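What follows draws every value from the coordinates through simple rules; no lab data is involved. None of the values given here were measured: they were computed from a predicted structure. Cβ coordinates were reconstructed from backbone atoms using ideal geometry, including for glycine residues, and neighbour counts include every protein chain displayed.
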Amino acid sequence: MKKYLDLADMLKPMLVGFEGFACLVLNEEEKLLSVNVWTDVAAVKRRSNIMQHRMRREEGRKNLFESYKITVCSEIRFYTDTERAQASRDSDNYYFGLEG
């Protein structure tokens, strides 16, 4: 686990300035959660073709993990505490006493 986190730390400086990269979250427990948020599919493709990324990914596959799972998702809804247009009505009703 430590080795993976070290590899991720080495990639962070490159990713921070990478067009289309929004954030990276790593959580070390008995399991590892790595979340990458990208602005669009083109940004993901650009990142995937960077040799440093490919080398780190290969090391993870060969030496660091027995298995892993990658899930690629799309945004379904987006809302904040102040921008509620896409929030579910039952959520608004519960938290704000709104009828809808």
Self-check item: Fully extended contour minus Cα-Cα distance, from Arg89 to Phe18, at 0.36 nm per residue
Solution: 21.9 nm
Exercise. Go ahead and estimate [θ] at 222 nm for the chain from helices alone: -39,500 (n - 2.57) per DSSP H run with n ≥ 4, summed, over the residue count, rounded to 500.
Key: -11500 deg cm²/dmol
Exercise. Extending each Cα 7 Å along its Cβ direction at Lys45 and Thr82, get the distance between those two points in nm, one decimal.
Key: 3.6 nm
Quiz item: Dipole size in debye (nearest 20) for the chain around its Cα centre, Lys and Arg Cβ +1, Asp and Glu Cβ -1?
Solution: 680 debye
Quiz item: Rounded to the nearest 0.05, what FRET efficiency is calculated for Phe96 and Ser74 with R0 set to 41 Å and r the Cβ-Cβ distance?
Solution: 0.90
Quiz item: Using the membrane-span-like helix rule (whole DSSP H runs, Cα extent along the own axis of at least 27 Å, mean Kyte-Doolittle hydropathy at least 0.5), which helices of the chain qualify?
Solution: none
Practice problem: Can you check what the net charge comes to around Tyr95, using other residues whose Cβ is under 12 Å from the Cβ of Tyr95 (Lys, Arg +1; Asp, Glu -1)? | Solution: -1
Quiz item: If packing is taken as the mean number of other Cβ atoms within 10 Å per residue, what is the order of 70-82, 41-53, highest first?
Solution: 41-53, 70-82
Quiz item: Peptides 59-68, 2-11: what's the order by average Cβ count within 10 Å, highest mean first?
Solution: 2-11, 59-68
Quiz item: Under the definition of Cα pairs under 8 Å and six or more residues apart, what whole-number percent is the relative contact order of the chain?
Solution: 17 percent
